[in-house]
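J.: Can you read through this structure? Questions will come right after.
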Amino acid sequence: MPPADFSEELTRIPTRKDSDQISQRIDHLYPSLFPLYTHLHAFPELSGQEIQTSRRIADELRSAGFQVTEGIGGHGVVSVLKNGDGPTVLLRAELDGLPIEEKTGLPYASTARGRLADKGEVGLMHACGHDIHMTVLVGTARLLMERRDLWQGTLVLVAQPLEEVGAGALAMIEDGLFTRFPHPDFALALHVAPSLAAGTVGLREGLFWAGCASLDIVIRGIGGHGSRPHETKDPIVMAAETILLLQTIVSREISPIEPAVLSVGSIHGGTKGNIIPEEVVLQVNYRYFSDATARHLRSAIERTARGVAVATGIAEELMPIVIDQYSGPPINNDPELAHRMISAFRGALGNEKVIRTDRYTFSDDFSQFGTHGSGIPLCYFLLGTAENQCDAEKVAANMASPGIHNPSFAPPPEQSIKTGVKAMVAAILELLPR
Ligand code: ZN
Ligand code: ZN
């Protein structure tokens, strides 16, 4: 059994000389990684439209000496480097940006614009740090190519599209990620975390990030003149009742010691004050850490929507329609792998720089890599991006410094990228020792 916390006996310092040399090499590489980062940051692309980003990452990894295949599961890129006998490790970064207008004021801020099918033209931003993740992937690739003398085995570097819509990992798996390329024995990914100080990493064994599902509820009524509501079945009122009742599912039906979240993030219906519309569409997102909770939430959402319709007197043929959009399981860090990573990170970064975090209700479809095929052991970890610990505490307390998906999110590039590469290289040296 792994110890309950990060106890001292986990620390294993790799040869100090190697570690120092790697740090020096990262310092040396950084001036060439920074322009890559600012380029990626300035030109984000929407999920499913990652054409230029994907091409740039493919070029970078090809010129680093990897065997690169493009167009896996859409714009996904798979890069392989075989370096003698040994296990296979998959490292993943994401390609997509977000439909957010950047407000950082940085000299390399994005002014890019894209087009969403339902919203038209939108500003674009790497507000989830995927530009940091890609730069770390390229830095790690270059360094491990240079220092092939320090490890042996196979690296599979994955640049994944469509993470922000929860679809890219599955698309790549269905397009042969685990059959056309060396099958991974371990899979690793990191994510920026403004709640942790830059220079640190954070993780935990077991359940870490939540499972997530999104669905639409189409509430159908009978429209009419706003002056004669008694001749209609008003879907606006039904939507309001449904939203409030949905908020009692977690608070009244799920055990208080079982984490769950249910949010209605969008409500659309109607065109004018004096028209009672025919329908209202709610977009709902829910999060969980167990299959039982996921099943309960899903069925309670449908029951609640139907219940309000029944109470309103809606006929069976106009009952609400629930349309599942996407879902993905929680990230469950393999305990043995997580403990090996903790040990490697402590060796590379120092004991105090490796933080045992709580669970988070964020989600990431990286979890799909651990639940499909043979169930590859995963380890997902956080890369601190707060300028200092005080900043991190403020973010954690929701008081200051913008978090991810915020238009002012601005991680400090140098410390974040260097720490990310250092951690990823340390992980590979641990998993693929020579
Ligand atoms: Zn995101
Ligand atoms: Zn993200």
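J.: Of T419, T312, F381, whose Cα points farthest to the positive end of the dipole of the chain (charges on the beta-carbon: +1 Lys, Arg; -1 Asp, Glu; origin at the Cα centre)?
T.: T419
J.: Could you size up the charge dipole of region 211-327 around its Cα centre, putting +1 on the beta carbon of Lys and Arg and -1 on that of Asp and Glu, and report it in debye to the nearest 20? Write down the numbers at each step before the final one.
T.: On the way: 10 positive and 13 negative charges, 37 e Å.
Roughly 180 debye, rounded to the nearest 20.
J.: Here's something else I'd like to know. Positive end of the charge dipole of the chain (Lys, Arg +1 and Asp, Glu -1 on Cβ, about the Cα centre): tell me which of G48, V68, V264 has its Cα farthest that way.
T.: Looking along the dipole axis, the top candidate is V68.
J.: Another one. I'd like the distance separating the alpha-carbon centroids of region 318-378 and region 41-88, in whole Å.
T.: Computed from Cα coordinates, the inter-centre distance equals 22 Å.
J.: Further question on the same structure: Please calculate how many Å² of accessible area the chain carries per residue, with a 1.4 Å probe and no DNA, RNA or ligand atoms counted. Don't jump to the answer; show the numbers that get you there.
T.: Working: 18430 Å² over 434 residues.
Solvent-accessible surface per residue comes out at 42 Å².
J.: Kirkwood hydrodynamic radius (Cα pairs, Å) of region 211-327? Walk me through the intermediate numbers first.
T.: Details: mean 1/r = 0.0681 Å⁻¹.
Evaluated over region 211-327, this radius sits at 14.7 Å.
J.: Run the numbers on the chain and let me know its relative contact order in percent, using alpha-carbon pairs under 8 Å that are six or more apart. Show your work: numbers first, answer last.
T.: Values: 957 pairs, mean separation 104.6, N = 434.
In percent, rounded to a whole number, it is 24.
J.: Follow-up. Working from Cα positions, state the angle (0 to 90°, nearest 10) between the long axis of helix 51-63 and the longest principal axis of the chain.
T.: Tilt of helix 51-63: around 10 degrees.
J.: Could I ask something else about it? Leaving out ligands, DNA and RNA, what percent of the accessible area of the chain is carbon and sulfur, probe 1.4 Å? Could the numbers behind the result be given before it?
T.: Details: 9710 of 18430 Å².
C and S atoms contribute 53 percent here.
J.: Continuing with the same structure: For a 31 Å ceiling on Cα separation, which of these pairs sit above it: K119/K418; K103/K272; K119/K272; K119/K353; K17/K103? Write down the numbers at each step before the final one.
T.: Details: K119/K418 37 Å; K103/K272 33 Å; K119/K272 20 Å; K119/K353 42 Å; K17/K103 43 Å.
Violating the 31 Å Cα-Cα cut-off are K119/K418; K103/K272; K119/K353; K17/K103.
J.: Which percent of Cα pairs goes in each bin when the distances of region 252-311 are cut into 10 angstrom slices starting at zero?
T.: Here the calculated profile for region 252-311 is 18, 42, 27, 11, 2.
J.: Any chance you could give the angle, 0 to 90 degrees and rounded to 10, that helix 130-146 forms with the longest Cα principal axis of the chain?
T.: 20 degrees
J.: What trypsin sites (Lys or Arg not before Pro) in region 76-107 are in a loop by DSSP, with at most 16 other Cβ atoms within 10 Å of the Cβ?
T.: Numbers: sites: K82, R92, K103; in loops: K103.
Hits after loop and neighbour filter: K103.
J.: Just the Kirkwood number for the chain, please: inverse of mean 1/r across all distinct Cα pairs, in Å, one decimal. Spell out each step's value before the answer.
T.: Working: mean 1/r = 0.0433 Å⁻¹.
The Cα-based Kirkwood calculation yields 23.1 Å.
J.: In addition: Modelled label-to-label distance, S251 and E146, 7 Å Cα→beta-carbon offset: nm?
T.: Going by the 7 Å Cα→Cβ label model, 5.6 nm.
J.: Could you work out the Kirkwood radius for region 50-203, taking every pair of different alpha carbons, averaging 1/r and inverting it, reported in Å? Walk me through the numbers before you get to the answer.
T.: Details: mean 1/r = 0.0604 Å⁻¹.
One over the average 1/r among Cα pairs gives 16.6 Å for region 50-203.
J.: Tell me, what are the semi-axes, in whole angstrom and largest first, of the equivalent ellipsoid of region 137-276 as set by the roots of 5 times the Cα gyration tensor eigenvalues? Kindly include the intermediate steps, with their values, before the conclusion.
T.: Values: eigenvalues 477, 79, 44 Å².
Calculated on Cα positions only, the semi-axes equal 49, 20, 15 Å.
The values are calculated or read from the model by the stated rules, or taken from the named source; none is laboratory data. The shown structure was predicted, so the numbers you read here are calculated from the model rather than taken from an experiment. Positions of Cβ are backbone-derived with ideal geometry, glycine not excepted, and every protein chain shown enters the neighbour counts. For accessibility, only protein heavy atoms count, side chains too; no ligands or nucleic acids. Shrake-Rupley method; radii C 1.70, N 1.55, O 1.52, S 1.80 Å.
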